[in-house]
Structures are given as C-alpha cells and as structure tokens.
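Chemist: Questions regarding the structure given below will be posed in turn.
The values are calculated or read from the model by the stated rules, or taken from the named source; none is laboratory data. Every value quoted in this text rests on a predicted model; they were computed, and no experiment measured them. Positions of Cβ are generated from backbone atoms using ideal geometry, with glycine treated the same way; all protein chains shown enter the neighbour counts.
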Amino acid sequence: MNALQVEIAVTSHTGARLAAESGAARVELCSALELGGITPSAALLRLAVAEGIPVHALIRSRPGDFVYDADEMRLLADDAAFAVEAGASGVVIGALTAEGGIDLVAVERMAAAARAVDPGVALTFHRAIDQTANPAGHLGELFDLGIRRVLTSGGASSASAGAAVLAEMVAADSGLEIMAGGGVLPHQIAALARLGVDAVHLSAKARAATASAHWVSLGAAGTDAESDTHFVTDAGVIREAVAAASTAR
C-alpha cells in the first residue's frame, strides 16, 4: 500500500515554503481561507511555484455555492489555464447544477482549459462534491472527465464526521484518489488512514494577530480585531500531520 500523502492548503508563498520544509507532498494554493478559499492571484502563484513544492491552484472565483453562470464559467476556465501557465502542476476545480448534481459541462470546460496548456496537469475535484446528495455516486462520471483525485469530507461538516461515506467512496474503487479533507487535525489522521483514503488535506492554519494600532471593521469578516483577520500556516501542525501520516499505514 502506498504511503499516505499530506496536502496542505496555504494562502502564501511562505506557507508553501513551510510545507516544503516540513515534508508535505504538495500544497493547494488559494486566497481567503476565511471564505473557504478562492483563486490565488497571479503573483502569488508564481511565488509559490518558485518554492519548489508541487502547487495545485484552487479555481474558485467567489465564495458561496458552486452553481456558475456563463460569465463566471469564462473566468473559471481562463483562471484554470492561467494557473497552469504560471507553473501550477495541478488545478482544483468543481461546479454543480442547481439541482445538486455535478455540472459536467462546466467541469469539462475547466479541465479542457487546463489540459490545453499541459495535457498532464493533475485534476482534482474539490469539496463541491460534499454538497451533492450522494458523493460516492458521482465518482465514475468524474473519472470519465479525466479527474483523478477528489477532495471530500464524505458529505459531512468534517472528514471525521463523514467517515462512513469516505469508506464507501474508497470501496467504490473508481480509479480516483480519495483525499480526506475538512477539519482534519493531526491526531485524526490515523483513523482516516484506516478507511483506506489515499491522502489527507488540512490547512494547518493559525489565526494571525492584528498589527493595527487602531481597528475599524471594513466588512463582514469579523466584528472585532481578533476575528477580523487572516490565517497563516503553522509549520508545527504540518510536521505533526506528516509524522502521523508516515506511521498511519
């Protein structure tokens, strides 16, 4: 059995460097973890790629649902192509229909845009699958689109809570790598590994302290200086996760 891989969600090139130094297999690069993650900027992509660790770019233009209109789809496809042009070795994509199924046309468009730049680009379907009624039921159609990895909590609020569905997804033997993600903590990795998943995904994040001498809320992110901030990567958590994964099989 292959070793359990550890993927870290990061929002900076510093986070990518810490992940590389701490033994992670790759990073998912995004911005605004506070919003569930959105597409990283061009400069951030280039800087993260320069850190030498495989970078998979999240392609998500906004927070909220995963039902996209035509204008949004044009942006998502262009972002997928650009991420690969900027050096990303993979893109993390997903789209749903209003009825809660996989939007196969939208996913194919993003996948095709990325593959037009690099036919060998790694394609991961993100946690949009957890907003479908039957996550395990969509694996075959994703495989047929060329997706080779699914990031999922098993349709629950966390991977630990979705363990039963994660086990079902593994047992489906769809040809897809099943990567457990959603609230994963290092001490939970051994139990997730026993389900048979191929990888675990965690943000290894810590809330940054505000450096502002005078704080005023500028939006809906938080109602005080402590909550209206951003997350940074905690190298100690990455090391714990990598150590747990190394002994989990």
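Chemist: Assigned to a helix (DSSP H, G or I), closer than 16 Å to VAL91 by Cβ and either touching a residue at least 60 places away in the same chain (Cβ under 8 Å) or in contact with a strand residue (DSSP E or B) (Cβ under 9 Å, 6 or more places away or on another chain) (or both) - does that describe any residue in the stretch 140-149?
Modeler: Here is the first cut: in the stretch 140-149, the ones assigned to a helix (DSSP H, G or I) are 140-144.
Remaining after also requiring closer than 16 Å to VAL91 by Cβ: 142.
Restricting the remaining residues to those that are either touching a residue at least 60 places away in the same chain (Cβ under 8 Å) or in contact with a strand residue (DSSP E or B) (Cβ under 9 Å, 6 or more places away or on another chain) (or both) gives 142.
Looking through the stretch 140-149, at least one residue is assigned to a helix (DSSP H, G or I), closer than 16 Å to VAL91 by Cβ and either touching a residue at least 60 places away in the same chain (Cβ under 8 Å) or in contact with a strand residue (DSSP E or B) (Cβ under 9 Å, 6 or more places away or on another chain) (or both).
Chemist: Something else about it: Considering ASP228, ASP224, ASP198, which residue is surrounded by fewer than 19 Cβ atoms within 10 Å (Cβ to Cβ), modelled with pLDDT under 95 and either among the hydrophobic types (A, V, I, L, M, F, W, C) or over 24 Å from HIS13 (Cα atoms) (or both)?
Modeler: Only one candidate passes the filter, namely ASP224.
Chemist: Now, a different point. Residue by residue through the stretch 171-183, note down the ones that are more than 11 Å from THR152 (Cα to Cα) and either crowded, with 18+ Cβ neighbours inside 10 Å or in contact with a Gly (Cβ under 9 Å, 6 or more places away or on another chain) (or both).
Modeler: If the condition is that a residue be more than 11 Å from THR152 (Cα to Cα) and either crowded, with 18+ Cβ neighbours inside 10 Å or in contact with a Gly (Cβ under 9 Å, 6 or more places away or on another chain) (or both), then ALA171, ALA172, SER174, GLY175, LEU176 are the ones that fit.
Chemist: Has the stretch 124-147 got at least one residue that is small (Gly, Ala, Ser), surrounded by fewer than 18 Cβ atoms within 10 Å (Cβ to Cβ) and touching a helix residue (DSSP H, G or I) at 6+ places or on another chain (Cβ under 6 Å)?
Modeler: Yes: one or more hits.
Chemist: Hey, another quick one. Among (1) touching a strand residue (DSSP E or B) at 6+ places or on another chain (Cβ under 9 Å); (2) assigned to a loop (DSSP other than H, G, I, E, B); (3) surrounded by 16 or more Cβ atoms within 10 Å (Cβ to Cβ), which single condition is PRO63 missing?
Modeler: Status for PRO63: all satisfied but (3).
Chemist: Let me ask you something else. Only one residue in GLY100, GLY94, GLY120, GLY146 is touching a His at 6+ places or on another chain (Cβ under 9 Å) and under 27 Å from LEU75 (Cβ atoms). Which one? Working first, answer last.
Modeler: Values: GLY100 fails: touching a His at 6+ places or on another chain (Cβ under 9 Å); GLY120 fails: touching a His at 6+ places or on another chain (Cβ under 9 Å); GLY146 fails: touching a His at 6+ places or on another chain (Cβ under 9 Å).
Checking each option against the conditions leaves just GLY94.
Chemist: While we're on this one: Hey, ASP71 hits all of (1) over 25 Å from ALA180 (Cα atoms); (2) touching a helix residue (DSSP H, G or I) at 6+ places or on another chain (Cβ under 9 Å) but one; which does it fall short on?
Modeler: It fails just one condition, (2).
Chemist: Which one of these is of a type outside the set (S, T, N, Q) and surrounded by fewer than 20 Cβ atoms within 10 Å (Cβ to Cβ): ALA114, ALA164?
Modeler: Exactly one of ALA114, ALA164 is of a type outside the set (S, T, N, Q) and surrounded by fewer than 20 Cβ atoms within 10 Å (Cβ to Cβ), namely ALA164.
Chemist: Here's another thing I want to ask about it. Which of the residues belonging to the stretch 18-59 are touching a strand residue (DSSP E or B) at 6+ places or on another chain (Cβ under 9 Å), modelled with pLDDT of 95 or more and part of a helix (DSSP H, G or I)?
Modeler: Passing the criteria: LEU18, ALA19, ALA20, LEU44, LEU45, ALA48, VAL49.
Chemist: Do the conditions hold for GLU72, that is, is it free of Cβ contacts under 8 Å to residues at least 24 places away in the same chain and either under 20 Å from VAL184 (Cβ atoms) or not in a strand (DSSP E or B) (or both)?
Modeler: yes
Chemist: Which residues, counting only those in the stretch 105-146, are over 14 Å from the mean Cα position of the chain (by Cα) and under 19 Å from ARG26 (Cα atoms)?
Modeler: Of everything in the stretch 105-146, those that are over 14 Å from the mean Cα position of the chain (by Cα) and under 19 Å from ARG26 (Cα atoms) turn out to be ALA114, ASP118, GLY120, VAL121.
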